[in-house]
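Engineer: After the structure tokens below, expect a handful of questions from me.
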Amino acid sequence: MMRYFSSLASTSLGLLFLTGTAFSAPARQEETLSPKVIVVAGWENGKDTGDAPGEYQFWVERLHLDQKVTIHGVKTQVLRRNKDGVYGIVLKDGIFDLSALALDPKFDLKKTYWIFTGISGIDPKQAAVGSVAWARWVVDGDALREIDDRKIPKSWPYGLWAIGADKPNTLPQDPNHYGSVTDVAELSKAYPLNPTLTDWAYQISQKAKLSILKLSDKDKAEWKNYPEATKAPKIMLGETLGALRYWHGEERTQWARDWVKLWTNQKGRFVMTNEESQTNQIEMRRLDKQELIDLQRVMVLRSGSNFCLPPQGIPAEISMGNEGDGQVVAFDNNERAGEPVIKELLKHWDKYQNSIPSLAPKK
């Protein structure tokens with residue numbers, strides 16, 4: 001019997017030694033971080049500070065996002081933050097680390113407000129380069145049917161139409177097709193944002209003073225068919241269309257206008273186009289379903305860096321990608337329009353932590 005107990009004791013001590021549980025102190029629990037606001041940018045030129053700006057740099061410098069915080073399992077990106085609880089991240093290199101951030105146990109994002117920001121192509125029918133728009137919907141322009149425009153029926157405006165429909169500018173009726181109107185919440189191509197929060201942010205941002213891109217007489221003449229394009233930049237409400245295809249031109253712009261109206265039941269208007277807004281919204285909806293974030297606290301703020309169609313007399317293939325000085329003005333105005341909203345959230349955090357802001361009812 002003595003031999004049995006001796007052997008058992010020896011084995012137990014060995015296991016305790018190997019697992020490190022015999023005499024080691026309890027592990028220190030990591031501090032839970034609860035960001036008040038997270039600014040999400042799509043890309044940055046070079047470094048986050050001190051060089052030529054991209055979508056992120058003005059936010060980092062002006063909001064003093066000086067401290068870096070790592071995300072578990074992510075090597076290429078970090079969060080930046082300031083002492084007031086404002087965080088920022090740039091989703092560079094095409095890597096979307098929003099899920100990694102939400103799944104990192106040291107973060108509690110359930111009461112975090114989000115501003116998805118960045119530059120876009122802007123419809124000259126709506127506003128000038130440098131203008132900024134708060135989106136009420138983000139519309140997905142990816143999954144659709146397409147044939148060569150040179151082969152379309154004479155009555156069609158273009159060769160793009162919804163999967164499940166039989167022609168352009170009609171919604172699909174078959175419930176088995178992606179984008180069917182039978183289940184708008186799950187399958188619609190328009191992702192609605194909280195209208196109460198969006199309207200509030202739009203009103204708060206009106207106090208921002210925007211930078212102006214000076215136009216030459218030649219510029220004004222080229223855009224004479226689009227009067228809004230030659231006016232001063234403005235802050236507005238308007239929809240963002242996200243599509244991985246980098247499109248450009250009058251015909252595709254008309255498709256974008258029609259597509260946004262189609263999927264928002266004629267309530268939305270196309271203003272901005274970019275390549276990542278739809279992807280971000282799909283991911284945020286997945287995180288909301290897992291109760292990791294609150295989708296009602298998500299905002300989308302885009303600024304126009306160039307027009308999505310060419311000026312009069314310039315071929316589309318030459319005009320495409322020619323942002324000129326518009327990029328820097330768009331970077332600048334995006335942050336200018338968003339900063340008052342962030343400051344207002346911080347100023348009244350005791351209220352907005354538990355209650356999403358809204359406009360006072362009209363008397």
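Engineer: Counting only residues that are surrounded by 11 or more Cβ atoms within 10 Å (Cβ to Cβ) and over 36 Å from the mean Cα position of the chain (by Cα), which one in the stretch 16-50 is modelled with the highest pLDDT?
Structural biologist: Applying the filter and picking the extreme gives 22.
Engineer: Further, regarding this structure: Looking at the stretch 308-331 only, could you name the residues that are in contact with a strand residue (DSSP E or B) (Cβ under 6 Å, 6 or more places away or on another chain) and at pLDDT 95 or above?
Structural biologist: Within the stretch 308-331, 308, 330 meet the criteria.
Engineer: Would you tally the residues in the stretch 98-111 being in a loop (DSSP other than H, G, I, E, B) and either hydrophobic (A, V, I, L, M, F, W, C) or buried (at least 22 other Cβ atoms within 10 Å of the Cβ) (or both)?
Structural biologist: Count: 1.
Engineer: Let me ask something additional. Can you find a residue in the stretch 86-93 that is within 16 Å of the chain's Cα centre (by Cα), assigned to a helix (DSSP H, G or I) and either surrounded by 13 or more Cβ atoms within 10 Å (Cβ to Cβ) or modelled with pLDDT under 95 (or both)?
Structural biologist: yes
Engineer: In the stretch 299-326, what count of residues is obtained for those that are over 18 Å from the mean Cα position of the chain (by Cα), more than 17 Å from residue 127 (Cα to Cα) and of a type in the set (A, V, I, L, M)?
Structural biologist: Summing the residues that are over 18 Å from the mean Cα position of the chain (by Cα), more than 17 Å from residue 127 (Cα to Cα) and of a type in the set (A, V, I, L, M) in the stretch 299-326 gives 4.
Engineer: Can I ask one more? Test of understanding: among 182, 170, which residue is surrounded by fewer than 23 Cβ atoms within 10 Å (Cβ to Cβ), among the polar types (S, T, N, Q) and either modelled with pLDDT of 95 or more or assigned to a loop (DSSP other than H, G, I, E, B) (or both)?
Structural biologist: Only one candidate passes the filter, namely 170.
Engineer: A follow-up question, please. Looking at residue 163 and the list (1) modelled with pLDDT of 95 or more; (2) in contact with a strand residue (DSSP E or B) (Cβ under 7 Å, 6 or more places away or on another chain), which single condition is not satisfied?
Structural biologist: (1)
Engineer: Among the helices (runs of 4 or more DSSP H) confined wholly to the stretch 201-306, which include 1 or more residues that are in contact with a strand residue (DSSP E or B) (Cβ under 9 Å, 6 or more places away or on another chain)?
Structural biologist: Result: 250-263, 277-289.
The values are calculated or read from the model by the stated rules, or taken from the named source; none is laboratory data. None of these values were measured; they are calculated from a predicted model. As a convention, Cβ positions derive from the backbone with ideal geometry for all residues, glycine included, and neighbour counts pool all protein chains shown.
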